[in-house]
Amino acid sequence: MKLGLSMRYLGYHLAAWRHPDFDPASITRFEAYRDIARKAEEAKLDMIFFADGLAVRNEAKPEGSLSHDMRNADLEPLTLLSAIAATTSHIGLVATSSTTYNEPYHIARRYASLDMISHGRAGWNVVTSWSEQEALNFNRTENLPKDERYDRAQEFVEVVCGLWNSFKADAFTHDKKTGQFYDPTKMHVLDHKGKHFQVRGPLTSGVTPQGRPLIVQAGASDKGRDIAAQYADVVYSVAQNVDEARAFYSDIKARAAQQGRKNNAPLIMPALAFYVGETREAAQAKFDALQALIDPLAGLAQLYSFAGDLSGYDLDKPIPEDHFTDKISIGSGLLKQARETGMTIRQLYEQVAAGFTVRYVIGSAEEIVDDMQHWMETGAADGFNLCPPILPNSLDDFIEFILPELRRRGLFRTEYEGKTLHENLGLT
């Protein structure tokens, strides 16, 4: 079983920052992330992961919600991971960078540098930017249309991979006698000329320890799945139930096979938030304590990001049938689930707040590991992207309760298998 730890905002519960144990200032404090990364490495987790956004959430919908939103403070992930690299030795370091508001050469160079700094532990989570607020920070008045965003992303990843292939593994001779630093016959000039990019290359970073950094992708749309099947080593998903997860798993694996992919790539790692205790009752108490802290304004604001403005409706009634969103596929999925289960708007924002749209489980270690094992053994997952409700508390709970049960069943390592992220994921 492969396990990553998602660390953005130091907690996936919307109200985590209001918990008595949580110091809100730690969200922008390096030492907090460093200590959690070290703890995750001691537990032998495969990687830590940072999501990212390129704008303060300032739509102010519903009215009065803006100042209640903790999502407006965090650190730039590549800078943060470069610092964490110096304090860890084995755990993978995965950051999110947008293909909408970056250039391929910059991304290729930054992640190649992180791979060298970390001795082969870097990973790039490929995303497109969909928020109108992000567009306003990059000389635009509105975001790119969805199809154009994904067309650009496809070419963007192609160029980055081409740049990472600028030199053969033995290109750098470092021959002091002849004065030759590298063999020019083993340098590749990309000379890419496409619809969105013209990039000559080669990259200045040389040969990275992994050959190329790990590529992670999380898009659930049809075009996003195509990019994942062609390029990704790991695919994150936000499946809410095992049947949905199996369908996604089968689809990605089939598309990857058509691309000639091998070694079971890409690995599928659904997101999973967890509330665990010595007993189910103890776990439920932890869940209830956080749920009681949810601010309705913040809950509706978080829901707005994915499913549009629902503040004008009765919160204790189902979502009106004529309410629709096409912002991102997650939003459409949330509305579909809410309608199928008869959720009220309040119940929906409370569910989303408990895990930031990801599936969550509540129970004892045995119950939660039963769930994880079932997903693994029935073709729904190769592992999980753990989304702890509150850090470091939830990671401490994972290490105390869930990790020993995983190891007792032979589902998770006791030592790292290799040195690079690719090696530890079995993707070499």
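The values are calculated or read from the model by the stated rules, or taken from the named source; none is laboratory data. Since we're looking at a predicted model, the values are computed, not measured. Neighbour counts run over all protein chains shown; Cβ positions are idealised from the backbone, glycine included.
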First in segment 257-283 and at pLDDT 95 or above, second anywhere and of a type in the set (S, T, N, Q), Cβ under 6 Å, 6 or more apart: MET269/ASN385; PRO270/SER237; ALA271/ASN385; THR279/SER364; ARG280/SER364
Which numbered condition ALA245 fails, given (1) surrounded by 22 or more Cβ atoms within 10 Å (Cβ to Cβ); (2) in contact with a strand residue (DSSP E or B) (Cβ under 6 Å, 6 or more places away or on another chain): (1)
Residue within segment 136-152 that is in contact (Cβ under 8 Å) with a residue 40 or more places away in the chain and within 13 Å of ILE215 (Cβ to Cβ) present: no
Count - residues of segment 160-195 that are of a type in the set (Val, Ile, Thr), closer than 25 Å to ILE227 by Cα and surrounded by 11 or more Cβ atoms within 10 Å (Cβ to Cβ): 1
2 or more residues surrounded by 23 or more Cβ atoms within 10 Å (Cβ to Cβ) and at pLDDT 95 or above: qualifying helices (runs of 4 or more DSSP H) within segment 322-428: 365-377, 393-397, 421-424
Residues being surrounded by fewer than 16 Cβ atoms within 10 Å (Cβ to Cβ) and among the charged types (D, E, K, R) - total across segment 280-296: 2
Residue satisfying condition, being in a helix (DSSP H, G or I) and closer than 22 Å to PHE156 by Cα, within set ALA298, ALA283, ALA256: ALA256
Count - residues of segment 203-241 that are farther than 28 Å from TYR105 by Cβ and touching a Phe, Trp or Tyr at 6+ places or on another chain (Cβ under 6 Å): 2
Subset of segment 32-83 that is in contact with a strand residue (DSSP E or B) (Cβ under 7 Å, 6 or more places away or on another chain) and among the charged types (D, E, K, R) - its residue that is surrounded by the fewest Cβ atoms within 10 Å (Cβ to Cβ): ASP52
Total residues in segment 208-232, condition modelled with pLDDT of 95 or more and assigned to a loop (DSSP other than H, G, I, E, B): 6
Segment 405-428 residues that are in contact (Cβ under 8 Å) with a residue 60 or more places away in the chain, paired with ones that are of a type in the set (Phe, Trp, Tyr) (beta carbon under 8 Å, 6 or more apart): LEU406/PHE412; ASN424/TYR416
Segment 180-201 - residue that is more than 21 Å from ARG149 (Cβ to Cβ) and among the aliphatic types (A, V, I, L, M) and, of those, nearest to the chain's Cα centre (by Cα): LEU190
Residues that are out of contact with any Gly (no Cβ under 9 Å at 6 or more places or on another chain) and either under 27 Å from LEU411 (Cβ atoms) or surrounded by fewer than 24 Cβ atoms within 10 Å (Cβ to Cβ) (or both), drawn from segment 16-26: ARG18, PRO20, ASP21, ASP23, PRO24, ALA25, SER26
Test result for HIS119, surrounded by fewer than 20 Cβ atoms within 10 Å (Cβ to Cβ) and either touching a Leu at 6+ places or on another chain (Cβ under 7 Å) or over 30 Å from GLU415 (Cα atoms) (or both): no
Among residues of segment 235-253, those that are under 16 Å from LYS223 (Cα atoms) and not in a helix (DSSP H, G or I), counted: 3
Verdict on THR178 being polar (S, T, N, Q), without any contact (Cβ under 8 Å) to a residue 24 or more places away in the chain and not in a helix (DSSP H, G or I): yes
Breaking point among (1) over 24 Å from TRP130 (Cα atoms); (2) assigned to a loop (DSSP other than H, G, I, E, B); (3) within 22 Å of the chain's Cα centre (by Cα), for LEU293: (3)
Candidates ARG71, ARG29, ARG8 - the one that is more than 18 Å from the chain's Cα centre (by Cα) and of a type outside the set (Phe, Trp, Tyr): ARG29
